[in-house]
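The structure appears right after this line, and notes come after that.
The values are calculated or read from the model by the stated rules, or taken from the named source; none is laboratory data. The shown structure was predicted, so the numbers you read here are calculated from the model rather than taken from an experiment. Every residue, glycine as well, gets a Cβ built from its backbone with ideal geometry; the counts of neighbours run over all protein chains shown.
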Amino acid sequence: MSIKNISIILVVLVAAISRFVPHPPNFTPIIAMGLFSGFYLKSNKKLALLLPLSAMFISDMFLGFHLISLFVYSSLAVITAVGFLISNKNKFLTLFPAALGSSLVFFIISNFGVFLIGYPNNLAGFIACYTAAIPFFHNTLFSAMLYSGILFISYDIIVRSVPQLQSETITKK
């Protein structure tokens with residue numbers, strides 16, 4: 001495995017470990033982990049998908065699984081695929097719209113799981129579920145923006161500081 005892949009794995013693992021720090025509801029690095037993995041591991045899509053899902057699974061072994069875990073993991077897979085679409089040339093111009101879109105993906109998919117499991121399966125239940133979820137969305141969105149910025153900027157600093165990584169950086173399109 002290349003030093004580039006090892007360094008990316010370490011960044012994602014550090015982000016996953018931060019899930020153990022007390023935080024407000026939905027204020028986690030999950031979305032950023034998916035975007036980061038998808039962007040930096042475009043050439044190895046299997047690893048890009050497995051990395052954040054494995055980090056989530058391992059941390060959930062300690063934090064606990066819940067009934068909507070399948071929906072959370074599914075949204076993380078979609079978010080990682082969104083990371084594949086972030087432009088190499090204009091990374092920071094496309095990162096934040098990707099974080100916004102990924103926050104919406106997470107909101108829609110994870111709350112659909114909540115709807116199926118915890119609300120009457122009718123239009124009134126659907127509306128009630130998504131209405132109840134709205135107050136949590138700002139944490140999802142803010143954490144996606146913040147953690148995405150932190151992960152991408154931190155990794156750029158690491159790449160500039162470690163000569164072995166500079167020869168393995170992503171080629172510009």
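Of note:
- Top-ranked residue in segment 41-60 [being small (Gly, Ala, Ser) and within 20 Å of Ser143 (Cα to Cα); ranked as surrounded by the fewest Cβ atoms within 10 Å (Cβ to Cβ)]: Ser59
- Number of positions in segment 1-35 that are among the hydrophobic types (A, V, I, L, M, F, W, C), in contact (Cβ under 8 Å) with a residue 24 or more places away in the chain and farther than 24 Å from Gly64 by Cα: 2
- Given (1) modelled with pLDDT under 95; (2) over 20 Å from Asn88 (Cα atoms), index of the condition Asp156 fails: (2)
- Selection from segment 114-133 of residues that are surrounded by 15 or more Cβ atoms within 10 Å (Cβ to Cβ) and within 19 Å of Ser75 (Cα to Cα): Val114, Phe115, Leu116, Phe126, Cys129, Tyr130, Ala133
- Number of positions in segment 134-150 that are of a type outside the set (A, V, I, L, M) and buried (at least 16 other Cβ atoms within 10 Å of the Cβ): 7
- Residue match in segment 25-40 (condition: more than 12 Å from the chain's Cα centre (by Cα), surrounded by fewer than 16 Cβ atoms within 10 Å (Cβ to Cβ) and in a loop (DSSP other than H, G, I, E, B)): yes
- Residue under evaluation Phe62, criteria (1) touching a residue at least 12 places away in the same chain (Cβ under 8 Å); (2) more than 18 Å from Leu13 (Cα to Cα); (3) outside any loop (DSSP other than H, G, I, E, B); (4) not β-branched (Val, Ile, Thr), criterion not met: (2)
- Out of Phe115, Phe136, sole residue that is assigned to a helix (DSSP H, G or I), among the hydrophobic types (A, V, I, L, M, F, W, C) and without any contact (Cβ under 8 Å) to a residue 60 or more places away in the chain: Phe115
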